[in-house]
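The values are calculated or read from the model by the stated rules, or taken from the named source; none is laboratory data. Everything numeric in this text was worked out from a predicted model, so none of it was measured. Methodologically, a virtual Cβ is constructed for each residue, glycine included, from the backbone with ideal geometry; neighbour enumeration extends over all protein chains shown. Surface accessibility is based on the protein's heavy atoms, side chains included, excluding ligands, DNA and RNA. Shrake-Rupley method; radii C 1.70, N 1.55, O 1.52, S 1.80 Å.
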Amino acid sequence: MKMKATISLFCCTVLLLASTAMASSVVPSVVSTAASKAPSTTASAKTQSKTKVSAPAAATPTTFGLLATATRSTSLVDFQDGSKSDSVDYLFRPSGRFSFGTVSLSIGYSQDLRDDTERAADWSDASIAWALNPTKLKWSNKEQNARLTYSLSAIIPVSKNSRIRDQLQTSVSGSLGFGVSPVDDGFSYGARVSFGRNFHAYSENINGSVLNQYSSNQSLNAGYTYGNWDLSLSFTNMARWSYQGNVRSSFDLSEELTYSFNKNFSLAVGHTNSGSNLKPNGVDTNISLFNENSSIVYATLGVAY
């Protein structure tokens with residue numbers, strides 16, 4: 001029943017935004033949204049943050065906006081042994097742009113399609129982010145824009161795993177990014193580094209596993225835009241420090257192709273492979289473009305207003 005209610009909510013949102021988009025073709029729009037790829041705040045939403053949705057251009061600055069996405073993801077290879085991953089994820093992100101930057105709230109909902117029990121569906125942790133106004137670098141020109149970006153974010157524990165299993169109180173992080181993007185068509189590239197801290201009631205969860213106290217992500221991305229098409233490639237190294245001082249490193253490597261139907265709607269298809277940086281022997285690298293055991297393919301429908 002929860003899943004049906006959520007799907008109904010998303011469909012209503014899409015229909016509402018579609019009617020608004022149609023009206024905007026007659027009346028000039030005064031509202032636009034800046035939607036971009038952001039690092040996933042939780043593991044359950046790792047594919048959601050990969051979607052790019054083109055925002056409608058406007059003569060006046062954005063005041064409020066909304067991004068909504070629905071993602072269907074599944075394992076690249078089905079071994080017919082019950083290990084296949086198959087899920088639907090929803091993301092809702094209202095935002096507001098002000099003189100001091102952009103403030104947004106991200107909340108997601110995930111449904112495991114292999115399991116029809118109530119525990120198979122859950123909300124993801126909510127994230128409040130403050131993206132400061134970017135700094136335009138002097139060597140920007142008529143063809144490319146070069147900018148430094150800064151953001152601060154905090155997690156509100158919503159998921160059962162965070163609230164009950166891990167007893168997470170909150171998590172705070174900051175990030176610094178550098179990016180070069182084309183004014184029209186062309187290549188783009190950038191890098192971002194973030195550092196955060198988790199606050200738990202205890203250093204171990206209810207199952208006795210040691211929790212992570214600090215985290216850091218380092219990401220590189222490149223892309224090419226041609227008309228309504230956008231091709232992107234990203235690599236993220238994720239380091240986690242436990243309360244006992246142990247360090248764990250993992251990676252996420254993804255490729256995505258996005259087509260923007262218009263200023264409000266887009267469809268993206270992609271592939272992602274993630275896992276530990278090292279194989280079980282602790283020596284050989286586990287980083288690869290494809291892995292039949294961990295590769296995931298997905299499709300995302302996005303709506304921006």
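Results, tabulated for the structure shown:
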| item | result |
| --- | --- |
| Within the accessible area of the range 65-304 (1.4 Å probe), percent carbon and sulfur | 57 percent |
| Relative contact order (percent, whole number), the range 131-267, Cα cutoff 8 Å, 6+ residue spacing | 16 percent |
| Tensor-based shape of the range 148-279 (alpha-carbon gyration tensor, a/c under 1.5 rounded, otherwise prolate or oblate) | prolate |
| Cα-Cα pairs of the range 65-304 separated by more than 25 Å (percent) | 52 percent |
| Two-site label geometry, residue 77 and residue 278: point separation in nm, points 7 Å out along Cα→Cβ | 2.5 nm |
| Whole-number accessible area per residue in Å² for the range 126-265, which is evaluated in the context of all protein chains at 1.4 Å | 57 Å² |
| Projected label distance in nm at residue 288 and residue 133, using a 7 Å step from Cα toward the beta-carbon | 4.9 nm |
